[in-house]
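Here's the structure, in structure tokens; my notes come after.
Every read-out reported here was derived from the displayed coordinates using simple, explicitly stated rules and does not represent laboratory data. This is a predicted model, so every value here is computed, not measured. Cβ sites come from the backbone with ideal geometry, for glycine too, and all protein chains shown count toward neighbours.
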Amino acid sequence: MDTFDAIKERRSVKSYDINHKMTDDEVNQLLSLAILSPTSFNMQNWRFVVIKNPETRKSIRSAAWDQAQVTDASLLLVICADLKSWKENPGQYWVNVPKEAQEFLVSAMGPFYEGKDELQRD
């Protein structure tokens with residue numbers, strides 16, 4: 001799809017068929033695509049939590065300004081991010097690259113993120 005068309009045709013869906021259920025294969029396919037999203041320094045410092053339990057979804061809905069889509073949508077994903085993952089063992093992200101590149105990238109992470117909270121959401 002063309003980028004301009006995608007932007008023009010995008011929609012925000014707020015109402016869902018509460019009887020529709022995604023299959024496990026559909027959920028797995030969606031998660032497989034989600035983890036392909038780029039992250040700064042390729043840290044992939046996120047975790048996806050699939051919430052299926054109706055009572056848990058009700059609890060989350062009350063914390064989410066009572067938005068109906070939290071309980072009505074086929075799937076509820078909670079995305080958790082570790083905003084300080086760059087501090088703990090940053091070399092773990094670069095174990096499969098040449099040593100020189102690993103040293104360069106690891107040494108760049110600290111100065112890039114330190115004291116810049118707005119960048120740590122990348």
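Got a sec? How would VAL49, VAL95 order by Cβ neighbour count within 10 Å, fewest to most?
Going from sparsest to densest Cβ surroundings: VAL95, VAL49.
Any chance you could give the angle, 0 to 90 degrees and rounded to 10, that helix 24-34 forms with the longest Cα principal axis of the chain?
Helix 24-34 sits at roughly 40 degrees to that axis.
Rounded to the nearest 10 degrees, what's the angle between the helix 99-113 long axis and the longest principal axis of the chain, both from Cα atoms, 0 to 90?
Once rounded, one gets 60 degrees.
Arrange GLU55, GLU103 by Cβ neighbour counts within 10 Å, fewest through most, would you?
Going from least to most buried by this count: GLU55, GLU103.
Less than 24 Å apart at the alpha-carbon level, and either on another chain or at least 8 residues along: which lysines does that give for LYS52?
Within the straight-line cut-off, LYS52 pairs with LYS14, LYS21.
Extent of the chain along each principal axis, from alpha carbon coordinates, in Å, largest to smallest?
Dimensions of the chain along the principal axes of its Cα atoms: 54, 37, 28 Å.
For LEU83 and LYS52, FRET efficiency with R0 = 22 Å and r from the beta-carbon atoms, rounded to 0.05?
About 0.25, to the nearest 0.05.
Among ASP66, ASP72, what is the fewest-to-most ranking by other Cβ atoms within 10 Å?
Listing ASP66, ASP72 from fewest to most nearby Cβ atoms yields ASP66, ASP72.
Can you give the FRET efficiency for LEU75 and THR3, using 1/(1 + (r/R0)^6), R0 = 30 Å, r = Cβ-Cβ distance, to the nearest 0.05?
0.70
As I understand it, the value is the acute angle between the Cα axis of helix 54-63 and the longest principal axis of the Cα atoms of the chain; what does it come to in degrees, rounded to 10?
With both axes taken from Cα atoms, the answer is about 70 degrees.
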